[in-house]
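Here the structure is laid out as structure tokens; the discussion comes afterwards.
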Amino acid sequence: MSESSSRAFPMSHDDLLSEIRPNIHFRHFTPDSQIKNAGVVIDTYSARLDVFNTVINDASPINVDPFLHAMTRMSTIANGYMINAITKRLNPGGVYLNVGTFEGFTFFCGMAGNETRHCIGVDNFSQFGGPREKFFQGYRRYKSKKSEFYNMDYVKYFKDYHKLPIGFYVYDGPHDYDNQLNGLKVAEPFFSSDTLILVDDTNDDVVRNATLDFIAGRTDKYRILLDEKTAGNEHPTFWNGIMLIGHNG
Ligand SMILES: C[S@@+](CC[C@H](N)C(=O)[O-])C[C@H]1O[C@@H](n2cnc3c(N)ncnc32)[C@H](O)[C@@H]1O
């Protein structure tokens, strides 16, 4: 792509991370805390353990948005804050693309307060009961003139619809090896010279290996900026692990 040399962020990846990561603190459970059945605790008390557990020292909409706090999600407030803060730092008009929205949490976290950023979500609602209605209820709240949602398979989306350089890419679609790798490969031709890529569920070997295979032998082009592991899935810190990768193209 001709635009792929354009920069997505007005600052270096290291400077950006140093503005964001130190703002995240955990009250009680830290990423290495062993918690049995974290998901059950969340369901039983219908309160979000991660909301209680997380302190964000930043004036972020993620701190104060009751709709986001109450959402059913496969992610956490800490991950959502990072998504919001990275999207906020995109150059005006920059593109945040989220493959795999489910009810919308990771997508809406990027959109909240970031109406001048171009936010794109893609989901075919093929998993976890396909919560289409719930998604659209939430989408109506966060929608802006610059947001788009594609209810379709992500491969089809990239093949037939996607055009713009991507500044920030969150792949949270199917996490089997082939899709995890392909989800990065199909997006790659659209990466800007300094795209940030966030992948979650990186505690799982399959996800980790596919992601590492994607960047293997290309340390001049891709750098792992953050690799947060947690003691288990559904963890009220960084969920099932996250990795942030910087593209230097
Ligand atoms: C782990 S969930 C996403 C969780 C979400 N990011 C959140 O904040 O809660 C994975 C999503 O990927 C979607 N998905 C699965 N296969 C897909 C495909 N081929 N194309 C697009 N979306 C897909 C599923 O419908 C599901 O909603």
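By its C-alpha gyration tensor, with a ≥ b ≥ c as the square roots of the eigenvalues, how is the chain shaped: rounded for a/c under 1.5, else prolate for a/b larger than b/c, else oblate?
It is rounded, given that a/c, with a ≥ b ≥ c, falls under 1.5.
Given the Cα-Cα distance of SER193 and ASP176 and 0.36 nm per residue of separation, how much length would full extension add, in nm?
Answer, rounded to one decimal: 3.4 nm.
Do you know the relative contact order of the chain, to the nearest whole percent, from alpha carbon pairs under 8 angstrom that are 6+ apart?
After rounding, I find 23 percent.
To test your reading of the geometry: what angle, between 0 and 90 degrees and rounded to tens, separates the Cα axis of helix 77-89 from the longest principal axis of the chain?
So the helix axis and the longest Cα principal axis differ by about 30 degrees.
Take each of the peptides 202-212, 236-246, 131-141, average the number of other beta-carbon atoms within 10 Å over its residues, and list them starting from the highest.
Averaged packing, sorted descending, gives the order 236-246, 202-212, 131-141.
Please compute the modelled spin-label separation between ARG218 and ASP160, points set 7 Å along Cα→Cβ, answer in nm with one decimal.
Rounded to a tenth, the inter-label distance reads 2.6 nm.
Considering the dipole of the chain built from charges on the beta carbon (Lys and Arg +1, Asp and Glu -1) around the Cα centre, which of VAL155, LEU49, ALA85 is farthest to its positive end?
ALA85
Report, in debye and to the nearest 20, how large the dipole of the chain comes out about its Cα centre when Lys and Arg carry +1 and Asp and Glu carry -1 on their Cβ.
680 debye
In nanometres, what is the gap between the two model label sites at ASP32 and LYS143, each 7 Å from Cα along Cα-to-Cβ?
For the pair ASP32/LYS143, the computed spacing is 4.7 nm.
Suppose each label sits 7 Å from its Cα in the direction of the beta carbon; what would the ASN91-ARG7 distance come out to in nanometres?
For ASN91 paired with ARG7, the spin-label model returns 0.8 nm.
If you take the charge dipole of the chain about its Cα centre, with +1 on Lys and Arg Cβ and -1 on Asp and Glu Cβ, which of GLY129, HIS28, PHE107 is farthest toward its positive end?
PHE107
Give me the extension gain from ARG21 to PHE125: residue separation times 0.36 nm, minus the current Cα-Cα distance, reported in nm with one decimal.
Here the answer is 34.3 nm.
Using a 10 Å cut-off on Cβ atoms, rank the peptides 22-34, 76-88, 57-69 from the highest mean neighbour count down.
Most protected by this proxy first, the peptides run 76-88, 57-69, 22-34.
For the range 141-158, in order, what is each residue's ³J(HN,Hα) by Karplus, 6.51 cos²θ - 1.76 cosθ + 1.60 with θ = phi - 60°, in whole Hz (x at glycine and Pro)?
Karplus-based 3J(HN,Hα) across the range 141-158 equals 6, 9, 3, 9, 5, 9, 9, 9, 10, 10, 8, 6, 4, 5, 5, 5, 4, 5 Hz.
For VAL55, enumerate residues with amide H under 5 Å from its amide H, sequence gap 5+ or separate chain, H modeled in the peptide plane.
Amide H neighbours of VAL55: HIS25, PHE26, ARG27.
So what's the gap between the Cα centers of the range 13-30 and the range 72-129, to the nearest angstrom?
Each part reduced to its Cα centre gives a spacing of 18 Å.
If you average the alpha carbon positions of the range 156-203 and of the range 50-65, how far apart do those two centres end up, in angstrom?
Using only Cα atoms, the two centres lie 27 Å from each other.
Going by the alpha-carbon gyration tensor, a ≥ b ≥ c the square roots of its eigenvalues, is the range 53-169 rounded (a/c under 1.5) or, if a/c is not under 1.5, prolate (a/b greater than b/c) versus oblate?
Verdict is oblate for the range 53-169.
For the chain, give me the percentage of DSSP beta bridges that are antiparallel, rounded to the nearest 5 percent.
Here the antiparallel bridges make up roughly 45 percent for the chain.
Since every read-out is calculated from the coordinates, none of them should be taken as a lab result. It should be emphasised that the depicted structure is a prediction, and the values quoted were computed from it without experimental measurement. Heads up, the Cβs are rebuilt from the backbone with ideal geometry, glycines too, and the neighbour counts pull from every protein chain shown.
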